[in-house]
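Heads up: the structure comes next, in structure tokens.
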Amino acid sequence: MKNIAILASGSGSNAENIARYFADNKNINVSVILSNNPRAGVHARANTLGIPSFTFTREEFVEATPILKKLAEYHIDLIVLAGFMNKISEPLLKAFPGKIINIHPALLPKHGGKGMYGMHVHEAVVAAKEKESGITIHYINENYDEGATIFQATCPVEPTDTPEEVANKVHALEYLHFPKVIEKLLTL
Ligand code: GRF
């Protein structure tokens with residue numbers, strides 16, 4: 001059995017989508033959800049799905065010992081960031097080399113880096129008059145949005161599209177591809 005930990009700070013729609021995708025899989029399981037935000041929507045989703053979820057403070061994420069303990073408790077093989085707003089600290093990176101992945105809602109290296117999260121990304125895409133946007137699934141390293149790319153998918157951006165419309169197209173790509181990419185990584 002391969003165990004996934006999902007780290008999420010917000011609504012958690014990707015976390016739920018991934019958990020549902022693997023619900024009947026005998027070899028891959030979403031075992032635990034960790035967040036830095038006790039009010040994040042992802043906790044309610046975890047509760048409905050019957051997946052344990054825990055909140056850790058920013059300091060605990062930086063220091064990492066309590067996180068590493070929790071990840072060991074659930075025998076975690078892969079850490080999946082799905083809308084996680086905290087930086088991943090050195091001890092976590094060292095403990096899970098090549099085993100932490102993130103999804104970014106644009107085509108990196110464009111529209112990534114510090115401050116580029118949530119609607120800011122889609123606003124930047126529209127402001128730059130991009131003809132396409134999409135998703136980038138990538139490994140995490142010590143810099144924001146700079147780890148090696150694993151997978152990208154694109155969607156068209158029309159000149160009349162609002163940031164919300166771009167966000168909807170990008171979310172559709174996330175739901176379609178993120179679980180499949182995770183499955184592939186865990187069955188290599
Ligand atoms: C997603 O768009 C993801 O790409 C980004 O944060 C968003 C999280 O949305 N990193 P949700 O919490 O999964 O609904």
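The values are calculated or read from the model by the stated rules, or taken from the named source; none is laboratory data. These numbers were taken from a predicted model, which means no experiment stands behind them. Cβ placement follows ideal geometry from the backbone for every residue including glycine, while neighbour counts extend to all protein chains displayed. Heads up: the accessible areas ignore ligands, DNA and RNA and are worked out on the full protein's heavy atoms, side chains in. Shrake-Rupley method; radii C 1.70, N 1.55, O 1.52, S 1.80 Å.
Quick notes on this one:
- When you work out D = kT/(6 pi eta Rh) for the range 87-160 at 20 °C and 1.002 mPa s, using the Kirkwood radius from C-alpha pairs as Rh and the Stokes-Einstein form, the result is 165 µm²/s.
- Reachable lysines, given that their alpha-carbon falls under 23 Å from the alpha-carbon of Lys26 and they are not under 8 places away in the same chain: Lys2, Lys70, Lys99, Lys180, Lys184
- Largest to smallest in accessible area, the residues Lys69, Lys180 fall in the order Lys69, Lys180 (1.4 Å probe, all protein chains included).
- Excluding ligands, DNA and RNA, the accessible surface per residue across the range 1-118 is 48 Å² with a 1.4 Å probe.
- Taking the chain as a Gaussian network of alpha-carbon nodes connected by springs under 10 Å, the highest mean-square fluctuation of the residues Glu90, Glu146, Glu59 belongs to Glu59.
- When each full DSSP H helix of the chain is screened for a Cα extent of at least 30 Å along its own axis and an average Kyte-Doolittle hydropathy of at least -0.5, the helices passing are 163-186.
- In this structure the amide hydrogen of Asn141, modeled in the peptide plane, comes within under 5 Å of the amide hydrogens of Glu146, Gly147, none closer than 5 places in sequence on its chain.
- Rounded to 0.05, the FRET efficiency of the Ala23 and Gln152 pair, given R0 = 30 Å and the Cβ-Cβ distance, is 0.65.
- In Å, descending, principal axis extents of the Cα set of the chain: 49, 35, 34
- Antiparallel beta bridges, as assigned by DSSP with both residues in the chain, represent about 40 percent of the total such bridges.
- Between the C-alpha center of the range 2-75 and that of the range 105-136 there is a gap of 26 Å.
- Radius ratio Rg over Rh of the range 44-96, counting only Cα atoms, Kirkwood formula for Rh: 0.95
- Percent carbon-and-sulfur accessible area, the chain, ignoring ligands, DNA and RNA, probe 1.4 Å: 54 percent
- Equivalent-ellipsoid semi-axes of the range 1-58, from the Cα gyration tensor, Å, largest first: 19, 11, 8
- With all protein chains modelled, accessible area of Asp24 [1.4 Å, Å²]: 140 Å²
- Relative contact order for the range 77-153: 32 percent, from Cα pairs under 8 Å spaced at least 6 residues apart, divided by residue count.
- Here's how it looks for Val30: its modeled amide H is under 5 Å from those of Ile4, which are all 5 or more places away or on a different chain.
- Projected label points at His120 and Leu176, each 7 Å from Cα along the beta carbon direction, are separated by 2.8 nanometres.
- Helix-only mean residue ellipticity at 222 nm for the chain, each DSSP H run of n ≥ 4 adding -39500 (n - 2.57), per residue, nearest 500: -11500 deg cm²/dmol
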